[in-house]
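*Asks:* Quick one: the structure is below, and I'll ask about it shortly.
Bear in mind that the values in this text are calculations on the coordinates, not laboratory data. Because the structure is a prediction, the values reported are computed rather than measured. Neighbour counts run over all protein chains shown; Cβ positions are idealised from the backbone, glycine included.
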């Protein structure tokens, strides 16, 4: 038998950074995965996730056929059905719900796994055409609260210009773990040319080990820490007075407001010595240019938005917003209206179940907590049906036990996923999804190769889909046609849809196939920096707003007042008597993305079990040795994890890994069994997964 070996260029989707891959295939079997040297993001480098990508196509735990539930929800009783049967049944139930109640009684939960932008645009297109604004994501736990804070201050989301920065200040960000081939490499190169690095994090991370100055605050107190930095910069007149006078509003109010946040007062809140606060402030203000970066570690707190408002203001005081070596507001590429925004009726927003207007207003999508609230309370109306695609709310959202019960209150729960996930276990119909190696897709880059570029690239299919798996867009198009929306999804092939999108850029799918490094739009300095001098900032005042008029209009504090985490030793001292430790259940390993990849053999070999980092002093007090199983208990539940005894965390804090516990990966207990959903950030709905109370004990043998 003669077979043909070929090398296919494609784009990795094992995380958010979308590195270029070279995949060697023989007879529809992947032999080797390597980095693509000509791709501008990774330039041939590849992390452990990318190297293990081929195992997605051979994993025996993959779903291979559509399944229909035959027993009680969660019973594990299924029967295989055809795609036609599944789609017809789903469509029939959706149409009945729309006729009886209205289109808004159908919700769509979309996760990260299929990638954002391209596929997500077609989800929005489907829901706009259907007539429902009720699209949900886990964005309240990642990125969106920070985007709201930046928008309320200077009107856009910044991209760090590491290549030109002489001082880099990272808050709650560990790119050596989460972006080893992109941002981490660029930061290390900056250090090699002499840039200084400041890292603020409750945990001594891999990135912190490279820092010139490390600030270890108590979880949930970063906002107070940054206010202390701002206090020093204003008190010592280290800010750019000319820029502040011409391009900001509210400085006088900020100067008065900041008086209470002296380094000594902030030290008592955060645990960071006052001398270090002063040293960090002076470094950031005097080593120019300085870039300030806030990471996912600032998400998942009940004070997330106002915390990030402080880092936004810090950038403005030292004049690094839209400046070389600072935080650049990269102009967006032109887009075709794939979403069909014009299809939304005038009362579209009135049909939504949103509770956080700034979040909803950011893109007419909604939080996962708004979804669960609507189902549980039936206010403003219930969600009768929910489609879950590329996401896993039972694992990703807080308070697993309550969430599982809430989702079972729907009349129809459909899951499209490569695996029988914890959410799929309680679904009515489960559909097998293709992975990125088994489909074509165009990708728009949010995390760019530099602060002076935009990038579009093509994901090429390398092997046929596993079993009867279908891509996300294939499912969306097929369902749209079943429910009478075929005129809005007229393409015979996804390539036709993508070509229509790309036309505005003067390229096509075929062009991208011939240019595996992608379509790179690089900007000249005069195109990218200091655009505010021509157009102002995208805020109501046209200036950076220390006192946010957007927040004031919606009834939120227009100044970034620090508020303690809703559950903690200061806010709930009575509870702390029984649960004396602070738990941060958001430790993300670089070998995983969210709840994914733990069943892949190479990944599992690196870190097979969930664990918690615990300080040697706390471990000794509880008789726990390194590598032993231990119990972490909160007022909501318990989880069993291995102890990693390390001085990287504070004695009063434990750091628990996120995302373990999927039913198919042989680990028991989901991390969010111990997190809570009731206490939230008032502006964006973020829950307190990274700062709540717990107690620990050695596990019984």
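*Asks:* With a 10 Å Cβ neighbour count serving as the proxy for reagent exposure, in which order, fewest first, do 474, 625 appear? Spell out each step's value before the answer.
*Replies:* Details: 474 18, 625 11.
So the residues, fewest neighbours to most, are 625, 474.
*Asks:* Find the relative contact order for the chain and round it to a whole percent, using C-alpha pairs within less than 8 Å whose residues are 6+ positions apart.
*Replies:* The value is 19 percent.
*Asks:* To continue, here is another question. What angle, in degrees between 0 and 90 and rounded to the nearest 10, separates the Cα long axis of helix 368-377 from the longest principal axis of the Cα atoms of the chain?
*Replies:* 70 degrees
*Asks:* Calculate how steeply helix 472-482 sits against the longest principal axis of the alpha-carbon atoms of the chain, using the helix alpha-carbon long axis, and give the answer as 0 to 90 degrees to the nearest 10.
*Replies:* The angle comes out near 50 degrees.
*Asks:* Relative to the present Cα-Cα distance, how much length would full extension add between residue 209 and residue 678 at 0.36 nm per residue of separation? If you can, show how the numbers build up before the last one.
*Replies:* Values: separation 469, 0.36 × 469 = 168.84 nm, distance 3.56 nm.
Between residue 209 and residue 678, full extension yields an extra 165.3 nm.
*Asks:* As a footprinting exposure proxy, order 46, 215, 333 by other Cβ within 10 Å, with the fewest listed first.
*Replies:* 333, 46, 215
*Asks:* In addition: Compute the separation of the alpha-carbon centres of the stretch 81-109 and the stretch 1-40 and state it in Å as a whole number.
*Replies:* Cα centroid of the stretch 81-109 versus Cα centroid of the stretch 1-40: 37 Å apart.
*Asks:* Okay, next question. Taking the 0 to 90 degree range and rounding to the nearest ten, how far is the long axis of helix 274-286 tilted relative to the main principal axis of the chain, both from C-alpha atoms?
*Replies:* Approximately 80 degrees, to the nearest 10.
*Asks:* Same structure again: Classify the stretch 1-41: rounded, prolate or oblate, from the alpha-carbon gyration tensor (a ≥ b ≥ c, eigenvalue square roots; a/c under 1.5 rounded; otherwise prolate if a/b is larger than b/c)?
*Replies:* In terms of gyration-tensor shape, prolate.
*Asks:* In nm, what is the difference between 0.36 nm times the number of residues separating residue 495 and residue 68 and their Cα-Cα distance?
*Replies:* 150.7 nm
*Asks:* Kindly provide the pair-distance distribution of the stretch 175-273 built from C-alpha pairs, with 10 Å bins from 0 and whole-percent values in order of increasing distance.
*Replies:* P(r) for the stretch 175-273, in whole percents per bin: 14, 34, 32, 20, 0.
*Asks:* Could you tell me the relative contact order of the stretch 573-698? Use alpha-carbon pairs under 8 Å, at least six residues apart, and round to a whole percent.
*Replies:* Rounded, it is 37 percent for the stretch 573-698.
*Asks:* Residue 523 versus residue 245, label points 7 Å from Cα toward the beta carbon: distance in nm?
*Replies:* It is 2.8 nm.
*Asks:* Given Cα pairs under 8 Å that are at least 6 residues apart, what percent is the relative contact order of the stretch 5-57?
*Replies:* Once normalised by length, the contact order is 28 percent.
*Asks:* Sticking with this structure for a sec: Quickly estimate the mean residue ellipticity at 222 nm for the chain, helices only: each DSSP H run with n ≥ 4 gives -39500 (n - 2.57), and the total goes over all residues, rounded to 500.
*Replies:* So the helix-based figure for the chain works out to -8000 deg cm²/dmol.
*Asks:* Could you state the principal axis extents of the C-alpha atoms in the stretch 287-366, from the largest down, to the nearest angstrom?
*Replies:* Sorted from largest, the Cα extents of the stretch 287-366 read 52, 35, 19 Å.
*Asks:* Here's another thing I want to ask about it. Just want the ordering: 138, 622, 301, 658, from fewest to most Cβ atoms lying within 10 Å of their own Cβ.
*Replies:* 622, 138, 658, 301
*Asks:* While we're here: What's the Kirkwood radius of the stretch 62-205 in Å, using all Cα pairs?
*Replies:* Radius from the Kirkwood sum: 20.0 Å.
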